[in-house]
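See below for the structure under consideration.
The values are calculated or read from the model by the stated rules, or taken from the named source; none is laboratory data. Keep in mind that this is a model prediction, so the values were computed, not measured. Glycine gets a Cβ as well: all are built from the backbone with ideal geometry, and neighbour counts include every protein chain shown.
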Amino acid sequence: MTTLKQLSHREERFTGGHRLCAGCGAAIVARQVLLAADGPVVVGTATGCLEVATTLYPYTSWKVPWIHNAFENVAATISGVETAYRVFKEKGKIDKEFHFIAFGGDGGTYDIGLQALSGALERGHKMLYICYDNQAYMNTGIQRSGATPKGASTTTAPAGKVIPGKLQRRKDLTAIVAAHHIPYVAQAAPHNFMDLTRKVEKALAADGPSFINVLAPCHRGWRHAPEDTLKVTRIATNTSFWPLYEIIDGEWKLNYKPRKKLPIEEWLKFQGRYDHLFKDGGHPELVAEIQADIDRDWEDLLIRCGELPPRERRDEEEKKK
């Protein structure tokens, strides 16, 4: 695996000077991913913040071959490029080894681009899909998406007298992707950059499609200070809101286990999009629901990763006592 010293000597292939907000999680993720991806790379980016703010004509922040796609089809585009590459390689017209990476936000991945992503995974293209998950349609005005967590206030699910923010739970996209039985799937967060680096390297080395879901805070939508982007992702992992794990050829592996799991209030209170849950009496019943959801998901993950025995076995052991 690449060391920090080795990373520091690599060329920056996602450059500064772009128009993304200071403290943008997507920019941090893109930079880390391209540092980890050694060798020739072709990148596609779905319409969204990462595309709009990095390629204002005649400027670009991408020092690699780069393709702009529609909102919904980055997986289809890169799968087509990967197919053309294989054909040219078989004909002897290309002798270099290339990597193919698609970037999409949660709107373009969880929702509008899910069909294209599913098709690319099922067909088995050797490509890495990175979802930079900022949990709403941030580029078009902070509308709720399938990735928006329960209780978060957005412009299309605003907290008020009628509803306390979004009423539904977010999709478990990482598990949905894992159900395609591809070689490599993972969740990561930019504060743990060496974990993300290792996962990108494993994903690009996989014999087939790979996918990494990376938490990418948007301080405009989440309403936290720009300088706290990495702090908020650290809290996300320590509350188990965003666990770090990987699935290699169907085997689930936990990458990080908090020494002391923090209550979900630590995550919620750090962001203005949840202020309504605590002000003027708030919604303690909804906070309790969110905590229960997190606890259940964390337990399920521990079971899948072999960190806990199945509930049935534990129930039997309790009965024997």
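If you filter the stretch 136-162 down to residues that are aliphatic (A, V, I, L, M) and assigned to a loop (DSSP other than H, G, I, E, B), you find that the one that is surrounded by the fewest Cβ atoms within 10 Å (Cβ to Cβ) is VAL162.
None of LEU50, LEU56 is hydrophobic (A, V, I, L, M, F, W, C) and either over 23 Å from TYR110 (Cβ atoms) or without any contact (Cβ under 8 Å) to a residue 24 or more places away in the chain (or both) except LEU56.
Among the residues of the stretch 193-211, the ones that are in contact with a helix residue (DSSP H, G or I) (Cβ under 7 Å, 6 or more places away or on another chain) and not in a helix (DSSP H, G or I) come to 3 in all. Hey, does the stretch 68-83 have a residue that's over 17 Å from GLU11 (Cβ atoms), among the aromatic types (Phe, Trp, Tyr) and outside any helix (DSSP H, G or I)? Among the residues of the stretch 68-83, at least one is over 17 Å from GLU11 (Cβ atoms), among the aromatic types (Phe, Trp, Tyr) and outside any helix (DSSP H, G or I), which makes the answer yes. What is the number of the single condition among (1) charged (D, E, K, R); (2) under 30 Å from LEU4 (Cβ atoms); (3) under 19 Å from the mean Cα position of the chain (by Cα) that LYS260 does not meet? Unmet condition: (3).
The C-beta contact set for the stretch 86-108 (first residue within 19 Å of LYS199 (Cβ to Cβ), second residue part of a helix (DSSP H, G or I) and among the polar types (S, T, N, Q), distance under 8 angstrom, 6+ apart or interchain) comprises ALA102/THR77. At least 1 residues being among the small types (Gly, Ala, Ser) and surrounded by 13 or more Cβ atoms within 10 Å (Cβ to Cβ) is the threshold, and among the helices (runs of 4 or more DSSP H) wholly inside the stretch 1-66 those reaching it are 25-36. Exactly one residue out of ALA102, ALA116 is of a type outside the set (Asp, Glu), under 15 Å from the mean Cα position of the chain (by Cα), over 18 Å from PRO217 (Cα atoms) and at pLDDT 95 or above, and it is ALA102.
Here the condition is being at pLDDT 95 or above and assigned to a helix (DSSP H, G or I); of VAL214, VAL177, VAL185, it holds for VAL177 alone. Taken over the stretch 86-107, residues that are surrounded by 20 or more Cβ atoms within 10 Å (Cβ to Cβ) and out of contact with any Leu (no Cβ under 9 Å at 6 or more places or on another chain) amount to 1.
Entry remark, the stretch 298-315: residues being modelled with pLDDT under 85 and loosely packed, with under 12 Cβ neighbours inside 10 Å number 4 in total.
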